[in-house]
Amino acid sequence: MPLTAGGLSFTYYVFAFILALLVLGAGLGVWWVRTDAGDQPVDSERLLNAFEEPVAVLDPSDDVLLANVPFRTIFDSDIEGDAAETVFEDHPDLATAVANKEEITTELQNEGGTRTYQFRLYPMGAQPRPPRKWVVVLHDVTEHETRQRELEAENEQLEQFASLISHDLRNPLDVAIGRTNAIREMAEDPDLDAHLARTQDAHKRMQQIITDVLTLARGDQDVGNLEAVPLETAAMDAWSHVDTNGATVSVETQLVIEANEQRLVRVLENLFRNAVEHGPEDVSIVVGSLDGEAGFFVADDGPGIDPTDRDAIFEAGYTADDEGTGLGLAIVSGIAEAHGWTVSVTDSADGGARFEFTGVQTAPDGRTATTAE
């Protein structure tokens, strides 16, 4: 029913009222976000200054639009509008990096002295839509670079040390071994033969010490490319390198693991030798896979390892035997860590030592258990 002479309906007035409310609400919303009563528009300069690292924004022509205080401290307090090549005129490597949009590492003078920075550019906006602005960030990597140089120097010293042991000690030792063997073949005196036999044992121990020290000095941190290695094959190979006397080893697993085969053999060899040297003449050793998780173990029925010593046995130089080098288990721990494995020691089912390796990547195979003497 019309309410006015113009014939406008009640519905028309209701619609117009609602539309007016919407317009008013939108206006209030805009006013709210642009006043202290709400969130103010983002202040770009304030945003940049929230970063402790030097930061600047370049326009598509590589001119400086904005720069925070740390950036100005290094270069200039008034650089807005300047071209990047002007700002970095004393640092041509940075100017080239901006032109090529590449990442470099450089040294710059700061209030704290000379610092090392990683210079990086980040595009603003969706890729690959040119033209675009760029954010320049100088990441302070001084401590990282310093530590890297220290490690390189330490590695160089270790390599020199390893070379000294390998050549300057091994060569005269080989001569001594050869002469001792020759004298023993000619000797007819039983007492002299006994002394020479002990000398040969000492030479063998020296050879083992040199081998272990070289392994530790050169490190096992880089195991290279891993391959599928049957645990049985590695165990039999390791067993052939050990003076086993009357000991036996049983491989009770068909496990194939991802490993550096040479390093894995060294782990097993050291564990076998440890069991033989510290156990009875007929010590029995078992190699098997862990139940319920990926990994393997090496166990024996020898005297075992005292629980109070289990945290120390993997430290270089620790030994419970005057005849031991104290390096064998440290090498085992280092090789395991290089593979990403965790090695621990506990009691075996027969009361001896049981070394467990977890975190091992495995692959299926069809091999069977083997017993060797």
For this session: Taking T358 as meeting all but one of (1) over 14 Å from L231 (Cβ atoms); (2) modelled with pLDDT under 90, write down the number of the exception.
Result: (2)
Problem set entry | Conditions (1) at pLDDT below 85; (2) touching a Phe, Trp or Tyr at 6+ places or on another chain (Cβ under 7 Å); (3) closer than 14 Å to R354 by Cβ; number of the one not met by V298 | (1)
For this session: Would you point out which residue out of G352, G340, G328 is surrounded by fewer than 19 Cβ atoms within 10 Å (Cβ to Cβ) and either modelled with pLDDT under 85 or farther than 16 Å from A234 by Cβ (or both)?
Result: G340
Problem set entry | Of all residues making up segment 235-264, the number that are in contact (Cβ under 8 Å) with a residue 12 or more places away in the chain, among the hydroxyl-bearing types (S, T, Y) and surrounded by fewer than 21 Cβ atoms within 10 Å (Cβ to Cβ) | 3
Exercise. Would segment 265-280 turn up any residue that is surrounded by fewer than 22 Cβ atoms within 10 Å (Cβ to Cβ), outside any loop (DSSP other than H, G, I, E, B) and without any contact (Cβ under 8 Å) to a residue 24 or more places away in the chain?
Worked result: no
Problem set entry | Pairs, first touching a residue at least 24 places away in the same chain (Cβ under 8 Å) and over 17 Å from D350 (Cβ atoms) in segment 286-309, second small (G, A, S) and assigned to a loop (DSSP other than H, G, I, E, B), C-beta under 8 Å, six or more apart | A294/G359; G295/G359
For this session: Could you tell me whether segment 87-98 includes any residue that is more than 35 Å from the chain's Cα centre (by Cα) and crowded, with 17+ Cβ neighbours inside 10 Å?
Result: yes
Exercise. Inside segment 285-311, can you point out the residues that are of a type in the set (S, T, Y) and within 28 Å of the chain's Cα centre (by Cα)?
Worked result: S289
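The values are calculated or read from the model by the stated rules, or taken from the named source; none is laboratory data. These numbers come from a predicted model, not from an experiment. For neighbour counting, all protein chains shown are included, and Cβ atoms are generated from backbone atoms with ideal geometry for every residue, glycine included.
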